[in-house]
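Report on the structure given below.
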Amino acid sequence: MAASIQPAAEAPMLHKYVLDSPAPYGIIMESQLSAIRHELGQIHEYDFVEGTISSPLAPELHGFFPPDDTYFNYFHNDSAPSILKALEDLSNFLEREGPYDGIIGFSQGGCLAATFIIHHLQKHPNKPLPFKCAIFLSSITPADPNDLKKGMIRFLQPETCGKPLVRGLATTHIWGRNDDQWPGMSEPLYELCDAHQRNFFLHDEGHTIPAARAKDAILGCVKVIRRTLDRAALGA
């Protein structure tokens, strides 16, 4: 049930594939995004997709979801083969269920999405990406795809790359300036993206997606997301 970008005179309909972490359980991501989705309106469609690796519920979510339930991650953070398998799974999913107009990634899911994008652009420089925009929420810095194939995990840094690695894609980057779980891990991804097509918003909600109670943060998130959707709709 994929939707396509509508003409510029109309509101863009985006069908998003959503990545989530540290507990990528569909209902969690759906709940965390509910306030932002409400402000964006009902013209958008979303798919919430779980990981496959069993994981305990993140401590900061214990007050909101049953801690004894089973939750899932996309990969083991310390395993290059696990990350490569997650990239393969994502590629297969997009080929099977796509096309999609956008991708959303939170935390580990953002790392997976960004690593997938960079790997695709390196491996298929003349082949379009399977989506038109990307939204990164408290994303962890992407891993170097070439090092993953050698069994190593190295986070990409803009100062050593020499040029933006994510080109031809409208991106939004949202993170907490007081993120104490993965401090300093969202900024490098922002710097690795095309300066003409990226935008960002900083909030004070830590390593999370702002909830409805943080009204100003929600409105700030929605503003930059809409800007990215407009760029995607115009083919920027």
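The values are calculated or read from the model by the stated rules, or taken from the named source; none is laboratory data. Since the model is a prediction, treat every value here as computed from it, not as a measurement. No Cβ is skipped: glycine too gets one built from the backbone with ideal geometry, and neighbour counts run over all protein chains shown.
Just name the residue that is surrounded by the fewest Cβ atoms within 10 Å (Cβ to Cβ) out of those in segment 145-165 that are touching a residue at least 12 places away in the same chain (Cβ under 8 Å) and farther than 24 Å from S79 by Cβ.
In this case the residue turns out to be P164.
Looking only at segment 157-177, decide whether some residue is polar (S, T, N, Q), part of a loop (DSSP other than H, G, I, E, B) and in contact with a Gly (Cβ under 7 Å, 6 or more places away or on another chain).
Within segment 157-177 (the criterion being polar (S, T, N, Q), part of a loop (DSSP other than H, G, I, E, B) and in contact with a Gly (Cβ under 7 Å, 6 or more places away or on another chain)), the answer is no, since none of the residues qualifies.
Kindly establish whether L90 is buried (at least 16 other Cβ atoms within 10 Å of the Cβ) and over 20 Å from M185 (Cα atoms).
Yes, satisfied.
Which one of these does E30 not meet: (1) modelled with pLDDT under 70; (2) under 26 Å from R227 (Cα atoms)?
The number of the failed condition is (1).
Does H196 meet the test of being surrounded by 16 or more Cβ atoms within 10 Å (Cβ to Cβ) and not basic (K, R)?
No.
Out of the residues in segment 129-144 meeting the condition of being among the hydrophobic types (A, V, I, L, M, F, W, C) and in a loop (DSSP other than H, G, I, E, B), tell me which one is nearest to the chain's Cα centre (by Cα).
I140
Which of the residues that make up segment 152-185 are within 14 Å of I140 (Cα to Cα), under 14 Å from the mean Cα position of the chain (by Cα) and at pLDDT below 95?
The one that is within 14 Å of I140 (Cα to Cα), under 14 Å from the mean Cα position of the chain (by Cα) and at pLDDT below 95: M185.
Can you give me the number of residues within segment 185-222 that are closer than 16 Å to R167 by Cβ and of a type in the set (F, W, Y)?
So the answer is 1.
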